[in-house]
Amino acid sequence: MEKPSYNTDIVRGFVNWSIIWGLVAVLVGVIVSLQMVNPDLNFPPYLTFGRLRPIHTNAGIYGWGVGFIFATFFYMAQRLCKTPIWSPKLAKFQLWFFNATIIASAVTLLMGFTTSKEYHEMEWPIDLMIIVLWVMFAINIIMTIIKRREEQMYISLWYMMAAIIGIAVLFVVNSAAVPAALFKSYSAYAGTNDANVHWWFGHNAVAMALTAPPLAMFYYFLPKSTGVPIYSHRLSIISFWSLIFMYLWTGAHHLLWTPVPDWVQTLAMAFSVMLIAPSWGSVINGYLSMNGQWHQMRDNYLVKFLILGLTFYGLQTLQGPMQSIRTFSAFIHYTDWVPGHIHMGTMGWVSMIGFACIYYLVPRIYGNEIFSIPLANLHFWLILIGQLIWSISMWVAGVLQAGMWNAMNPDGSLTYTFMETMVEMYPYWWARAIGGLIYLIGVLIFIYNLYMTVQKGKKSSSTLTEAEGRA
Amino acid sequence: MWEKKPVLLMVLATCTILAGTIITMILPFTWVNTKADRIEGVVPYTPIEQEGRDIYIREGCNNCHSQTVRPLVAEVLRYGEYSKSGEFVYDRPFLWGSKRTGPDLARVGGKYPDSWHYKHMDSPRSMVPRTNMPDYKWLRDNPLDAEAIQHKMDVLDFPYNNPQIAALQTKNEMDAIVAYMQKLGNDINWRKATQVEIIGELVNPYAGVDHITMEPWESVYRNNCAACHGEHLEGEIGPELVGDNYEEEELFKIIYNGIPDGGMPSFSALGSDKVWQLTNFIKYYNQGEGESH
Ligand code: HEM
Ligand code: HEM
């Protein structure tokens, strides 16, 4: 069959920019982790912890995460549909608009224009930009799918479509606000309602941005990297429907013990535990796809990133349901345990999959073989060690803190004042900052390796660029 | 079949995600913030309090401070009465937070006098040496924009009067944030309600103890009281403490329950043993050879 001419320019653009925003996210992450141990590093009014932390989280999720979602979706959609992108012009415009949106977000957040709602901090003009951006992207991908020349839709396309719709619904509903000035608005919902709507958004942003898209990538890039198809198509379909059904019930697990109605909390708790099944459906599917291929964990650095990423996903989806149980939540909610959970997901699962995809893509979109596999392996070990130090130190810190917060004397009084518990966190916050620095070095090596690949890499043999086929 | 029909697949996916959405997100609107959970006494923010709230949001204080007390024993002891839905009906957006790098602030209103907040916001470390809260002294340099605040009150549809707006002219952002801190959690009169009626005779377990033993008690004083009453009891935000002025029992009660209207916090959470230590420390600080300085 004649090979359609796929558009690689757009994939290149998004790969490059997502890496830049990823570097920003990690750098700011290191800065805020240092501000927590040394408040002299706050430089008001712009560079204080309260303003920088949202820049870190948004750069991580939207700049880096969504950036490489755009890159990989454009790449996968074309190949899975056997047709070029529907509108390259629109895609090109989208790249610039994406960067404009991220820059506008960063600048307004630095200036203190924020709604305070986590992962939705940007004020209403930026919300409008984000909606325009998403609609552009949705149209382009959906039209590509509709115009496809391969009748069957591979599971990755399903996850892509679900993510596109899901994010649209979540974002629009949670954006509802009454503007009071150009960069100030008041939420359309008040108090407890606002909390419940927000965490319905918040948790499903995790589902639709940090779970479904990396799964789409995993299902596509694992078979591509190993050369062996996914173990069970049927299992992936069952997991898909049950995953997107169950996730939407669980938002209130962020609000256990708060004034949100009890039955909403109980439903959230039950569905969170049930979510283990569809999550592990994908994990097991991934592991079984490696049957007879486990030697590739040693030989193939792409597989190493993908399978370790999947392993973190598996751990994340066991830890998450545990945190959703009332008694456990009573203990660890509000402590440093939770950032430990978050960063196993973001630095482990999401970023590992992102790194794997980019290592896979760069040789194919630039036509050069990867500059150095030893460097890629070094990158792997640095981010693995950095992330483990980060998360484990926070889990220990969280348990310690929770224990101290709850400790009571025989006469029913509290054993520790708040500050007595807080000063115990400093050593762990230091450990976290060091873990973050190691991770940052890993990311810098990754960028160097890619830069050298593009600049100095050997022209790749034709097999590499031609290696497109069915997944 | 939907494996070949993208539009059908998207419609089905939308229905699937709407199920949980309708039940757990839309349905609660029929209960929450209705008459059922209104609380008498909960009133909208005044112009200066609302502005303080907006500054709190702008500075991202919610990244370190939560604003809900959960109904758990240790938490109620530490922060006060647990939070009720009806207390938040004027909160747009909600500010419950998800991380307690610093303490919960849902009940901080009335815990300290204004002067404590000014000093703490200027430089938290001058009062709590090892805190990691940033300095916000610079808020004092920013005057308030009365017109903009009035417009925001109109958008929120909160009641206000002209003197309130006029008063903003002479205030700065620091005044606003302190006003907001003092409003938090104070619409219900929980502080008085939770005061413990101390019944029966109080017996000082340390009566007649040699003053040498006071040394470890000094650190209890330093950690909990010195920020307001001075390193050497000389007084600053709170008055000078002179042991001779009080009976032991009277001192115990003041420390245990605080003086809610006067800005003296309650220290019942320390437990009666530590409160007795403090009582003895203050009562006998300036007496005898056991002094530790
Ligand atoms: C070197 C790497 C990183 C470092 C040092 C770092 C550091 C931090 C720190 C210090 C916090 C604040 C925690 C707190 O308030 O207690 C934080 C929060 C957060 N970070 Fe990172 N981070 C890193 C990488 C990432 C990446 C790659 C992502 C996303 C893709 C990410 C997403 C987040 C999120 C979502 C939060 C919010 C946590 C919450 O709401 O409790 N981080 N990070
Ligand atoms: C079955 C799947 C999962 C469940 C049931 C779950 C559950 C939870 C719970 C209960 C919390 C709140 C903890 C607290 O504040 O007490 C939480 C926080 C969080 N989780 Fe998960 N989790 C799951 C998977 C994931 C995955 C795959 C990611 C990907 C990165 C993730 C990212 C986050 C983030 C970013 C937060 C922080 C929200 C905040 O700002 O407070 N989770 N999760």
Using a Gaussian network for chain B with springs between C-alpha atoms less than 10 Å apart, which of these wobbles most: B:Glu51, B:Glu218, B:Glu147? B:Glu147
Between the stretch A:142-166 and the stretch A:295-316, what is the C-alpha centre distance in whole Å? 26
Report the residue, chosen from B:Arg191, B:Arg222, B:Arg53, that carries the largest GNM mean-square fluctuation when chain B is represented by alpha-carbon nodes joined by springs under 10 Å. B:Arg222
Out of A:Leu256, A:His295, A:Pro229 - ranked by how far each Cα lies towards the positive end of the dipole of the protein assembly as shown, with unit charges on the beta-carbon of charged residues - the top one is A:Pro229
Would you calculate a helix-derived [θ] at 222 nm for the protein assembly as shown, using -39,500 (n - 2.57) for each DSSP H run of n ≥ 4 and dividing by the full residue count, to the nearest 500? -18500 deg cm²/dmol
How high is the relative contact order of chain A, in percent, counting Cα pairs under 8 Å that sit 6 or more residues apart? 15
Taking the C-alpha atoms of the stretch B:215-286, how large are the radius of gyration and the largest Cα-Cα span, Dmax, in Å? 10.9, 31
Within 10 Å of each Cβ in A:411-418, the average number of Cβ atoms from other chains: 6
For chain B, built as a Gaussian network whose Cα springs stay under 10 Å, the top-fluctuating residue of B:Ile198, B:Ile237, B:Ile48: B:Ile198
For the stretch B:47-193, take every pair of Cα atoms, bin their distances at 5 Å starting from 0, and report each bin as a whole percent. 2, 9, 17, 23, 20, 16, 9, 3, 1
Note on chain B: C-alpha Rg/Rh, Kirkwood Rh, two decimals, gives 1.09
Zone of A:Phe183 (label point 7 Å along Cα→Cβ, backbone N under 16 Å): which residues in the stretch A:37-78? A:44-48, A:50-56
For the pairs B:Lys99/B:Lys183; A:Lys89/B:Lys99; B:Lys111/B:Lys283; B:Lys192/B:Lys274; A:Lys458/B:Lys4, flag any whose C-alpha to C-alpha distance is greater than 32 Å. A:Lys89/B:Lys99; A:Lys458/B:Lys4
Averaged over A:395-401, number of beta-carbon atoms from partner chains that fall within 10 Å: 0
In debye to the nearest 20, the charge dipole size for chain B, taken about the Cα centre with +1 at each Lys and Arg Cβ and -1 at each Asp and Glu Cβ, equals 1740
Cβ charges +1 (Lys, Arg) and -1 (Asp, Glu), total dipole of the stretch B:47-193, debye: 780
Net charge (Lys, Arg +1; Asp, Glu -1) of residues whose beta-carbon lies under 14 Å from that of B:Leu144, B:Leu144 excluded, is -3
Using modelled amide H (1.01 Å from N, peptide plane; none on Pro or chain starts), what sits under 5 Å from the amide H of B:Met264, excluding residues fewer than 5 places away? B:Ile259
Relative to the Cα centre, what is the charge dipole magnitude of the stretch B:194-293, using +1 at the beta carbon of each Lys and Arg, -1 at the beta carbon of each Asp and Glu, and rounding to the nearest 20 debye? 320
Positive minus negative residues near B:Phe252 (Lys, Arg vs Asp, Glu; Cβ under 12 Å): -3
Please give me the summed charge of the neighbours of A:Glu369: other residues whose Cβ is under 13 Å from its Cβ, Lys and Arg +1, Asp and Glu -1. +4
Each residue of A:329-335 has, on average, a number of other protein chain C-beta atoms within 10 Å of its C-beta equal to 4
Nearest 5 percent is fine: what portion of the DSSP beta bridges confined to the protein assembly as shown is antiparallel? 90
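Coordinate-derived values only; no laboratory data. These figures come from a predicted structure and were not determined experimentally. For neighbour counting, all protein chains shown are included, and Cβ atoms are generated from backbone atoms with ideal geometry for every residue, glycine included.
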